[in-house]
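To start, the structure under review is shown below, and the notes come after it.
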Amino acid sequence: GSKDNSWSVIESLMERNSNVKGVKFRRNYGKSAALNVGFERVEGDVIITMDADLQDSPDEIPELYKMIKTYFSQHHLLLTSIKIYSDGDCLLQDIQKGSPFDIIFLDIELPGLNGLEVAQFIRQIDSEVLLVFVTGHPEYMSDAFKVEAFDFLSKPVQEEDMELVLSRCIRKYQQ
């Protein structure tokens, strides 16, 4: 229910770039409903959502995405899709609907439920998915492993650290 000129900005972006799509509701149904409609209509291998409050730096996403894509390409592995969620609630909704995940990268700091709380819910549903925390809060490392995290990366993530984690993930799935 934004009262600013957000929709006119979205319309302007859609006119200038055919890859930009907008969905306008008649009333405010909430963020989760908006994201779900967006996920239903999106095309492509990668879905990235981001809050307007810039809680997470947009600059982090392309670099993490690039590291993952580069790793899979260099190792001649098939990467079917990457989904990036801006909050844990939407991720949990997809998991509850049966969306399969092999690896989930989680931050500690999320709107609503924090990453550790999201991980606890995930573990009630899926004990096999590999959880990797990517965060600027190293003080939560021991808590992350209490929810059976596979690994823990500190921001800013170094490429060699991401490669090591992805190599471990692949080895785990090849066992």
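Brief remarks follow.
- An ellipsoid equivalent to the chain, defined through the eigenvalues of its Cα gyration tensor, has semi-axes of 29, 19, 16 Å when rounded to whole angstrom and sorted largest first.
- When you restrict to C-alpha pairs under 8 Å that are six or more residues apart and normalise by the size of the chain, the relative contact order lands at 16 percent.
- On Cα atoms only, tilt of 115-125 relative to the major axis of the chain in degrees: 80
- In degrees, nearest ten, helix 31-41 long axis to first principal axis of the chain (Cα): 90
- For the range 66-93 versus the range 123-175, the gap between their alpha-carbon centres in whole angstrom: 13
- Each residue was assigned an accessible area with a 1.4 Å probe, and for His137 the value is about 50 Å².
- Carbon + sulfur, % of accessible area of the range 73-175 - ligands and nucleic acids excluded, 1.4 Å: 49
- Dividing the mean sequence gap of close Cα pairs (under 8 Å, 6+ apart) by how many residues the range 107-175 holds gives a relative contact order of 27 percent.
- Accessible area expressed per residue, the chain, with surrounding protein chains retained (probe 1.4 Å, Å²): 64
- Helical contribution to [θ] at 222 nm, DSSP H n ≥ 4, -39,500 (n - 2.57), averaged over the chain, rounded to 500: -14000 deg cm²/dmol
- Put simply, the Cα atoms of the range 107-175 extend 32, 29, 19 Å along their principal axes, the longest span coming first.
- Spatially proximal lysines relative to Lys69 (Cα-Cα < 20 Å; intrachain offsets below 8 disregarded): Lys83, Lys155, Lys172
- Against the chain, whose longest principal axis comes from its Cα atoms, helix 159-174 is set at around 70 degrees.
- In this simple spin-label model, placing a label point 7 Å from the Cα along the Cα-to-Cβ direction at both Glu160 and Val23 gives a separation of 4.4 nm.
The values are calculated or read from the model by the stated rules, or taken from the named source; none is laboratory data. All values derive from a computational prediction rather than experimental measurement. Here Cβ is always computed from backbone atoms with ideal geometry, including for glycine, and neighbour counts include all displayed protein chains. Just the protein is used for accessible areas: all its heavy atoms, side chains included, with ligands, DNA and RNA removed. Shrake-Rupley method; radii C 1.70, N 1.55, O 1.52, S 1.80 Å.
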